[in-house]
Amino acid sequence: MSMEAITDKHGVKRYLITLNVNGDSYTKVVKGNTVLVNVLRDDLDLTGTKKGCELGDCGSCTVLMDGKPVNSCLVLAVEADGREITTIEGLAQHEQLDRLQDSFVNHAAVQCGYCTPGMIMSAKALLSKNPDPTEQEVREAIAGNLCRCTGYVNIVKAVLAAAKAEGGAAR
Amino acid sequence: MDQFGARGKVLAGGTDVLSMMKQGLLAPEVLVSLKNLAELKQIYADPARGVVIGALATHNDLADSPVLQERYLSLCQTAHHMANNQVRNTGTAGGNLVNAVPSADLPPLLIALGAAVTLVSTGGSRTVKLEEFFTGPRMTVKKDNEILTEIVIPDNSFTGSTYHKFGLRRSGALAVVGVAVAVAMEGDLCRDVRIALGAVAPTPIRAFKAEEVLKNRPVTDQLLEEVGRCAAGESNPISDIRGSKEYRQDMIRVFTRRMLKKAISEGHV
């Protein structure tokens, strides 16, 4: 499969990519070295996804790609072509927050808030795969998301409570 | 890759290559992505060759693979404890080998299990035993025009195997030492054993002398301690922020003993 490329007068190639972000399809022209997080933030104005270390250590840029959490700072935009991306903006339905978002608010799991979007995306992926996780499983799922304020206790509580609430709704 | 030679770099998951490029440690002119080669993502048992792991299988693909869960659960466990979930969804088994970081987690266990890798170029393909693949930190026998396409674990007589990454945190930590063992037990005699150590030498190494100490002798706690001591003596670690040379050697002693005990009594775990 080859990708359509446009070369400008300086010899820089740009590629046409199509991303499905939060259910909407976007076609964008990107350079080969553009990373996904910059397309989301700069081109699509989806600034809920944060940039921290930009080296894949901190997890603040976590988004779901085809349902799996990945660090969007280490995914080239051209490699996300044709993939389904979910960002923090894709969780709330109109004015209705996602159960996880509600739970984070109710459990004071947000302090400065910088890690929160990534943290919630990792938790979202966990609950989609495992609706009734143990505390250990929650801790493992968010191990790639660093929080330097709250110390994880309330974050873990929030995820467990959201799982419980979701299970309750299903029953 | 023939066309670009040393100016090009293969991109698989990108968790290592892209972060190195961002830090200015790597500056290839051209990245060649393998991402669309779906056939290199598969993990399957080939009756003629053994268990085949496509180079593009991610760490989570390894952890969740039914074939590996049945045959080498130890490999699933190893993959499951690498890095963090985001990196496990992106980083690949092939990348973990090609990057050749001395503390990498997959090489010791794959070496203990006798794995080989397939290197392919336009000129053909060749098979290299994994224990002969690494030549130094971030250096391997792979030529610039070659691509690592698969990892093959040949069928073998091992009754048990395991790996322990001893890190300073449970997640996202590099190994202070990594100890992998594979044993073929017959009653209380160990007929065959392979011990591979990570993070204690410029490349992953086999502890050949320690293996000989264990072979064909009745397994006792005392013997395992002797094997551990021998393995510690064969390692050549550096002192750095994660631990001193002496500490690492002592941890090799401890974890070689413990991992042997585990693989002998619990199988592939």
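With 10 Å² as the minimum drop in accessible area between chain alone and full protein complex (1.4 Å probe), the qualifying residues in region A:24-63 are A:VAL35, A:GLU54, A:LEU55, A:GLY56. A Förster distance of 41 Å, applied to the separation of the beta-carbon atoms of B:GLN222 and B:ARG126, puts the FRET efficiency at 0.40.
Computed from backbone phi with θ = phi - 60° and the Karplus coefficients 6.51, -1.76 and 1.60, the 3J(HN,Hα) list for region A:103-115 is 5, 4, 5, 5, 9, 6, 8, 10, 10, 6, x, 5, 7 Hz; x is used for glycine and proline. Compared with its chain on its own, region B:55-93 contains the following residues whose accessible area drops by 40 Å² or more in the full protein assembly (probe 1.4 Å; ligands, DNA and RNA excluded): B:ASN84, B:ASN85, B:GLN86, B:ASN89. In the full protein context, region B:5-153 carries 39 Å² of accessible surface per residue, based on a 1.4 Å probe and ignoring ligands, DNA and RNA. Our helix-only sum for chain A, with -39,500 (n - 2.57) per DSSP H run of n ≥ 4 divided by its residues, gives a mean residue ellipticity at 222 nm of -8500 deg cm²/dmol. Remark: the Cα gyration tensor places the protein assembly as shown in the oblate category, a/c being 1.5 or greater and a/b not exceeding b/c. Counting only residues at least eight positions apart within a chain, or on another chain, the lysines with an alpha carbon under 23 Å from that of A:LYS9 are A:LYS28, A:LYS31.
Determine the share of region A:99-170's accessible area contributed by carbon and sulfur atoms, expressed in whole percent, with a 1.4 angstrom probe. Carbon and sulfur atoms account for 54 percent of the accessible area of region A:99-170.
Chain B and chain A together bury an accessible surface of about 1800 square angstrom, both sides counted, with a 1.4 Å probe and no ligands or nucleic acids included. In chain B, helical runs assigned H by DSSP with n ≥ 4 each contribute -39500 (n - 2.57); averaged across all residues and rounded to the nearest 500, the mean residue ellipticity at 222 nm is -9000 deg cm²/dmol.
Can you list which of the trypsin sites (Lys or Arg not before Pro) found in region A:1-91 are DSSP loop residues with at most 11 other C-beta atoms within 10 Å? Passing both the DSSP loop test and the Cβ count: A:LYS9. Residues of region A:125-148 that bury at least 10 Å² of accessible area once all protein chains are present, compared with their chain alone (1.4 Å probe, heavy atoms only, ligands and nucleic acids left out), are A:LYS129, A:GLN136, A:GLU140, A:ALA141, A:ALA143, A:GLY144. With a Cα cut-off of under 21 Å and a minimum spacing of 8 residues unless on different chains, the lysine pairs in region B:5-153 number 12. Calculate what fraction, in whole %, of the accessible area of region A:5-90 sits on carbon and sulfur atoms when a 1.4 Å probe is rolled over the protein chains. C and S atoms contribute 43 percent here.
The values are calculated or read from the model by the stated rules, or taken from the named source; none is laboratory data. Because the structure is predicted, anything quoted here is derived from the model rather than measured. Neighbour counts run over all protein chains shown; Cβ positions are idealised from the backbone, glycine included. Heads up: the accessible areas ignore ligands, DNA and RNA and are worked out on the full protein's heavy atoms, side chains in. Shrake-Rupley method; radii C 1.70, N 1.55, O 1.52, S 1.80 Å.
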